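First comes the structure, then the notes that go with it.
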Amino acid sequence: MSNATTISAPAGVPFIEITREFDAPVEAVYRAHVEPDLIKQWLGPRGYEMTIDRYDVSSGGGYAYTHVNGDEAYRFRGVFHTARENELIIQTFEFEGFPDTVSIESMTFEALEGGRTRLTGRSVYPTQEARDGMVDSGMESGVNDGYERLDELLAG
């Protein structure tokens, strides 16, 4: 079963909030967000290949990865500011295609009844224009694809 993803980008404020429930326990959802071998199996749109240069989910750690689609490569990087196992990740996010635009992201992992999880993410951008650019980039389809792939990984 695939759960609905709610993406909210209110007018006039430079943030995006994403909420999604998963039919898996918090420990499994968190683990899928922190282990590079699992990240590669679900993060990003279907059909893209992902290579990870580094992925250290710890307070002060960082990441760098690339999504490849044919001849096009999309590079991302950031720093993990806080990582509390099965609870919270706070990180920066930068798409190298839009240099000098870094967002601050938080993800909270909430245990629900029946061994389910609610994931809530919030991304705060430096400007309204940067936030709008992310919304207009096709982000929604990438997020939905990724979470559908995560559902498949968690079910397997």
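Annotations for the structure displayed:
- All positions within the stretch 112-148 that are closer than 20 Å to G44 by Cα, modelled with pLDDT of 95 or more and basic (K, R): R118, R122
- Sole residue being under 12 Å from A9 (Cα atoms), surrounded by fewer than 17 Cβ atoms within 10 Å (Cβ to Cβ) and either among the charged types (D, E, K, R) or without any contact (Cβ under 8 Å) to a residue 60 or more places away in the chain (or both), chosen from E110, E148, E140, E152: E140
- Any hit, the stretch 123-131, residues being at negative phi and part of a strand (DSSP E or B): yes
- Test: residue in the stretch 14-28 that is in contact with a Gly (Cβ under 8 Å, 6 or more places away or on another chain) and surrounded by fewer than 14 Cβ atoms within 10 Å (Cβ to Cβ): no
Per-residue answers, yes or no, for (1) touching a residue at least 12 places away in the same chain (Cβ under 8 Å); (2) within 12 Å of the chain's Cα centre (by Cα):
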{"residue": "E72", "(1), (2)": "no, no"}
{"residue": "A83", "(1), (2)": "yes, no"}
{"residue": "L88", "(1), (2)": "yes, no"}
{"residue": "F93", "(1), (2)": "yes, yes"}
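- Of all residues in the stretch 35-56, those satisfying the criterion of being out of contact with any strand residue (DSSP E or B) (no Cβ under 6 Å at 6 or more places or on another chain), surrounded by fewer than 18 Cβ atoms within 10 Å (Cβ to Cβ) and either closer than 11 Å to H67 by Cβ or of a type outside the set (D, E) (or both) are L38, Q41, P45, R46, G47.
- Residues that are within 15 Å of P25 (Cα to Cα) and of a type in the set (G, A, S) occur at least once in the stretch 112-129.
- Some residue of the stretch 59-66 being in contact (Cβ under 8 Å) with a residue 60 or more places away in the chain, surrounded by 16 or more Cβ atoms within 10 Å (Cβ to Cβ) and not charged (D, E, K, R): no
The values are calculated or read from the model by the stated rules, or taken from the named source; none is laboratory data. Note that the coordinates shown come from a computational prediction; the quantities given were computed from them, not determined experimentally. Cβ atoms come from the backbone with ideal geometry, glycine included; neighbour counts cover every protein chain shown.
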